[in-house]
Every structure is written in structure tokens, then in C-alpha cells.
Amino acid sequence: MTVFVIFTYLALVLIVGTVSHRFFRGTGEDYFVASRTIGPFVLLMSLFGTNMTAFSILGASGEAYHKGIGVFALMGSSSALIIPTIFFFVGTRLWAIGKRHGYLTQVQYIRERWNSDNLGLLLFVVLVALVVPYLLIGVMGGGDTLAVITDGQIPKWVGGLLVCGVVVVYVCFGGMRGTVWANTLQTLVFMTLGAVTFFAIVGKMGGLSNALARVDQDLLMQANRIRPLELMTYIFIPVSVGMFPHIFMHWLTAKSARTFRYPIIFYPVCVAVVWIPSVLLGVLGSGDITGLEGPQANTILVQLISRYAPGILAGFLAAGVFAAIMSSLDSQTLAIGSMFTHDIVRHYGFHNQMSEKHQVLVGRLFVVGLLAVTYVLSLISNRSIFKLAVWSFTGFASLFPILLAALFWKRSTKYGAFASIVSVVVLWTFFFFRGWQTPGYTIGDTGIMPVTVVFAASALAMVIVSLLTKPPEGNILRKFFAAPS
Amino acid sequence: MKNSRIRWILYLALIAMYLLHKDFWFWRNPALVIGLPVGLVYHIAFCVAMAVLMAMLVKYAWPSQLEIEKDDSVDK
């Protein structure tokens, strides 16, 4: 029965995604940014659904199993502070620039802002490299969920394959409109089912107060599990949202700047709705299912579902987890496909040798190839979903000073942007190889997250090198900073 | 003039929210309030407060020049 519900849900998502194909206007702008026609509610749902992934559903409950309620402050409420602030100051401005100049990708903007092809190419490579671990989180989450909920009857490799297959089909058919519609459906599904799961499981545990009484008191406060410096510096992790290629694409779909108003206001509320059940169930689960070590804790939510809510409900809840996973994978996949088509195939003139049909085919093949690589990696990797995400977010967040400089600092130069990207690559690689084998790695074991240092170095490199190099030309500044006449 | 003062007050409020996010005063307190650990209740309230602050930013500090830009592109 559980498997039947999951497959019915996957079929529903496929139908919604592919039905949107009937509204396709036959242009590249329609395929990649839905002709910039998306309204406030759908924008909120698709932005939020894209940001909520296996990281927030499975990873957060797994982390809360070890670290307690502090995980909500660490990632939940810090997102409620940072993400709408970025939408307000950065998202709206990038939407306006994108609309004015007809941009479809971040790389197009950065390349033209500093008039440098090489800068665009470097950024493309770095962004794709950072998206892969993020994709990996989703594929691994799908495999884990299905395997645990069916008691291993459906192996991990089938779950991962299913997630990849469904996403490829509706992204290829429906483009951004299909993605946005499927995301809206899936966000509503996982928000509703998250609440249903929570009440169903807590009810079976004998009520909230009984369940909390069985939990180690250390998990009900932050002091012994999270260090003050960790809380203070973790705030840089959600900054990554500002640099995600898929969020950039979603910003461009907005009908007008006003469309951003509701997403900005209601984003913090949506964060609370999803993260409260995730974190609390992780904490409560530690009282019932003991002995999960390291990444094993990422299955705590699914184990609770199997134990307390088998049958149809388990199917619904697994569908909710799938919803969260796929609503991110689809946008990431589409964004990468779009970047490859526009920033490589078209920009470097390969399109002159290909028909429109061939270009689309090449873009889709790139997406399928990238997902295939991710899928293979998911089979050989067994690291904590949460920690993988943190490394990916560290890279994206550290590139954010480039976007800030592009938008707000006229004196910034392409050499400053180069220096910033190079500093991120060097320091990220350094910290990654130092820390990836150490669970909860912080610099010198002080609690300071590596992202803080990489971000600061990236910002400093941008400022110092920009000031040491020739100021940008007037025509470029007029293009991006002149007040609209 | 008045609007620009409100705008700056709201920007300062964002910085204040960053400081309020570090709830060290509940750091060692596992007590329950309305059935939930106090440290969690505080951060749920923090999310609600952020929604209110963002609503005020949208109302009083909206980058209205972007709306003009939109109208321009529509005219073209």
C-alpha cells in the first residue's frame, strides 16, 4: 500500500509537470523563465519549495537527533532572517536587471557586468561543480527514504533512479512552467504532510509531554551541543541562497517587482512550518530509537514513520519527503541546463552549426549526463546528507560578495571578481580536504564555520584587487547603474 | 524625509534581529513553555517577528524605482 501511494504521487507530479507543456509558447524565454509571468503565491511556493530539500527534511531531523533543538536556530530561524532579506535587497534588483537586459542566467549578467568572457566561463565551471553535491543530497535522500520505508524491499539504487527519472521527464517536457507548477503542488504537499506526520507520530508516542520526558535534557537546550561561535558564524550558510543558479532563475520568473512582496513577508512563516516538525521529530526520535551513529540519523524521520504510521500514511509521508527532494532537483537541473545552453552552446557560437532542435537536445543531454554522474556518485557515497549540503552552501555563500559588488559597487572590477572566485576555490578546497572527514568540523575546533573565513577572504579579495586595478569603463556603468529614463 | 528615516530604522532593526538571534539567555534552559522547550519557542517567535519586520520593510522601504523600471520595459 505504501509503495502504491508513492507511485501514485509520482504519477501525479509527472502529469502536472507535463500538462504545463500545453501552455508552452515555443520560445526560449518561455521554456527557461515561463515568459516572466509568475504571480506572488506561485513564486513563494516555488522559491520556498526549491530551497527546502532533503537537507531540511531528512538532514535537519538527523542533525536534531544528535544536536537537539538548537538545529532550529542554526538553520531554521537563521534562514528566516537571511533569505527574505536577500530577496528584498538582491532578488528584486536582479529581477529588474534581468528583465531590462533579457538575461536568463547569472553567468550572462556577471559576464556583461564586467565585460569578460573568461570570468563568465570560470563562474560557470565553479557553479556547476558546487551544484553537484547539492544534487547528490536529493538523489541520496530519495534512495534512503524508499529503502527504509519499504524495509529494504526497494533498494536504495531504485529510489535514487526513480527521483532522477521523474525529474528529467517533467523538466524536459514542461521547462520552467512545469517546474514551477510541480513545485507549487509539491510544496503544499510537504508542508501539509509535515504537519500531519508530526501530529500522527506524536499522538502514537503518547503525546508531546510524554515523548519529551523520554529525551535527554541536553537536547532541549543548546549549551552542550552547539557552541556560541558556531551559532554566530553559521548565519553565513543561508547566504548561499543569494548565489544559487536555480534561485536566480526563479527570481526571473516574477511578473513584476511587486510579485516579490508576499514571498518576502511569508517566507519566515513557511520556514517555521517546515522546520518545527523536522527538528522536533529528530529530537523526539532520539528517545525511542537509540544508537544511530553519524549519517545513520538521517533516516530517523523515515524510521519513525515506519514504526508509528505504517500503511497509507507512511506512503503519504514518504511522498512528502519525495516532494521536498524533487522540488529542488527540478529547478537545479533546469538551471544547469539553461546555463549550458546559453553560456556555453549559444555564447560560444556552437549554435551556428546546429538547428534550434539540436541545441535543445544538447542542453537536455547535458542535464541527463550530469544527473547520471550524480546518480553514480550517490551509489558510492555514504556521507551525511547534512554535511554534504554544508560544504556546497559554503561555496555558494562565499561567492555572494561578487553579486553584491556587481549590484552595488560601481568601482568593482573584473580582476576583483576573478580574485574573489579564485580565493573561494583555493580556500574551499583547503578547508574541504582538512575537514570533510571530521564530523562537525570547525576551524581549529573553535566553533567558527569555514564559510566565515572563505566569505571574508572573497569579499576582501574583491575590494583590494578592484582598488588596485583600473576603474571600469563609463559605458558599462551607464548600462547597469543609469537611472531608467 | 520621514520615509527615509523609517527606512534606516528598519535597516537597523534587521541588524538588531541578527543580535537577537543569538539567544544566549536561554542557552542552558531546558524548561518547557506551552509544552515546547523554551529555546525552540523563542526561535518560533523570532520567525514570526521576522515576518512582521519584512512586512514593514515592504510597506515603508520598498525599492519603488524598480516598479518604474518595469513600466519602462512594458512601454517598450
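Quick notes on this structure:
- In the set (1) at pLDDT 90 or above; (2) hydrophobic (A, V, I, L, M, F, W, C); (3) within 27 Å of residue A:32 (Cα to Cα), residue A:389 fails one condition alone, (1).
- For region A:249-271, taking the residues that are touching a residue at least 60 places away in the same chain (Cβ under 8 Å) and outside any helix (DSSP H, G or I), the one that is farthest from the other protein chains (Cβ to nearest Cβ) is identified as A:253.
- Residue among A:418, A:396, A:480 that is surrounded by 14 or more Cβ atoms within 10 Å (Cβ to Cβ), in contact (Cβ under 8 Å) with a residue 12 or more places away in the chain and within 14 Å of chain B (Cβ to nearest Cβ): A:480
- Among (1) within 14 Å of chain B (Cβ to nearest Cβ); (2) surrounded by fewer than 22 Cβ atoms within 10 Å (Cβ to Cβ); (3) closer than 30 Å to residue A:361 by Cα, the one test that residue A:95 misses: (2)
- Yes/no for residue A:453 being farther than 17 Å from residue A:127 by Cβ, more than 20 Å from the chain's Cα centre (by Cα) and part of a helix (DSSP H, G or I): yes
- Checking residue A:61 against (1) among the polar types (S, T, N, Q); (2) under 24 Å from residue A:282 (Cα atoms); (3) not in a helix (DSSP H, G or I), the condition it does not meet: (3)
- Any hit, region A:100-116, residues being within 14 Å of chain B (Cβ to nearest Cβ), buried (at least 20 other Cβ atoms within 10 Å of the Cβ), among the hydroxyl-bearing types (Ser, Thr, Tyr) and part of a loop (DSSP other than H, G, I, E, B): yes
- Within region A:64-95, the set of residues being in a helix (DSSP H, G or I) and in contact with a Lys or Arg (Cβ under 7 Å, 6 or more places away or on another chain) comprises A:67, A:70.
- Boolean, residue A:210 is outside any helix (DSSP H, G or I) and more than 18 Å from the chain's Cα centre (by Cα): no
- Qualifying residue in region A:393-412 (condition: among the basic types (Lys, Arg), in a loop (DSSP other than H, G, I, E, B) and over 25 Å from residue A:78 (Cα atoms)): yes
- Screening the candidates A:165, A:152, A:203, A:174 for the property of being assigned to a loop (DSSP other than H, G, I, E, B) and either farther than 28 Å from residue A:238 by Cα or touching a His at 6+ places or on another chain (Cβ under 8 Å) (or both) yields one hit, A:152.
- For region A:464-482, the set of residues classified as in a helix (DSSP H, G or I) and of a type in the set (Ser, Thr, Tyr) consists of A:466 only.
- Candidates A:58, A:44: the one that is more than 22 Å from residue B:48 (Cα to Cα) and within 18 Å of the chain's Cα centre (by Cα) is A:58.
- Tally, over region B:25-37, of residues that are more than 8 Å from chain A (Cβ to nearest Cβ) and either buried (at least 19 other Cβ atoms within 10 Å of the Cβ) or within 12 Å of residue A:276 (Cα to Cα) (or both): 0
- Residues within region A:441-475 that are closer than 16 Å to residue A:226 by Cα, buried (at least 17 other Cβ atoms within 10 Å of the Cβ) and in contact (Cβ under 8 Å) with a residue 24 or more places away in the chain, tallied: 5
- Inspection of region A:276-284 finds no residue satisfying the criterion of being under 22 Å from residue A:403 (Cα atoms), within 14 Å of another protein chain (Cβ to nearest Cβ) and under 21 Å from the mean Cα position of the chain (by Cα).
- Within region A:128-147, none of the residues are in contact with an Asp or Glu (Cβ under 6 Å, 6 or more places away or on another chain), assigned to a helix (DSSP H, G or I) and of a type outside the set (Lys, Arg).
- Flag: residue A:56 matches the condition of being assigned to a helix (DSSP H, G or I), modelled with pLDDT under 85 and farther than 15 Å from residue A:256 by Cβ.
Yes/no per residue for (1) buried (at least 19 other Cβ atoms within 10 Å of the Cβ); (2) out of contact with any strand residue (DSSP E or B) (no Cβ under 8 Å at 6 or more places or on another chain):
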residue: A:213; (1), (2): no, yes
residue: A:223; (1), (2): no, yes
residue: A:226; (1), (2): yes, yes
residue: A:241; (1), (2): yes, yes
residue: A:252; (1), (2): yes, yes
residue: A:259; (1), (2): yes, no
residue: A:268; (1), (2): yes, yes
residue: A:275; (1), (2): yes, yes
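- Long-range neighbours under 6 Å by Cβ, at least six apart or interchain, first residue loosely packed, with under 15 Cβ neighbours inside 10 Å within region A:362-383, second modelled with pLDDT under 85 and acidic (Asp, Glu): none
- One residue stands out in region A:66-81 among those that are within 9 Å of chain B (Cβ to nearest Cβ) and among the aliphatic types (A, V, I, L, M): the one that is farthest from residue A:291 (Cα to Cα), namely A:81.
- Odd one out for residue A:434 among (1) in a helix (DSSP H, G or I); (2) surrounded by 19 or more Cβ atoms within 10 Å (Cβ to Cβ): (2)
- Applying the condition of being of a type in the set (A, V, I, L, M) and closer than 30 Å to residue B:22 by Cβ to region A:117-138 and asking which residue is surrounded by the most Cβ atoms within 10 Å (Cβ to Cβ) yields A:137.
- Looking only at residues of region A:167-191 that are small (Gly, Ala, Ser) and farther than 18 Å from residue A:48 by Cα, we find that the one that is surrounded by the most Cβ atoms within 10 Å (Cβ to Cβ) is A:174.
The values are calculated or read from the model by the stated rules, or taken from the named source; none is laboratory data. Predicted model only: the values in this text are computed from it and were never measured. As a convention, Cβ positions derive from the backbone with ideal geometry for all residues, glycine included, and neighbour counts pool all protein chains shown.
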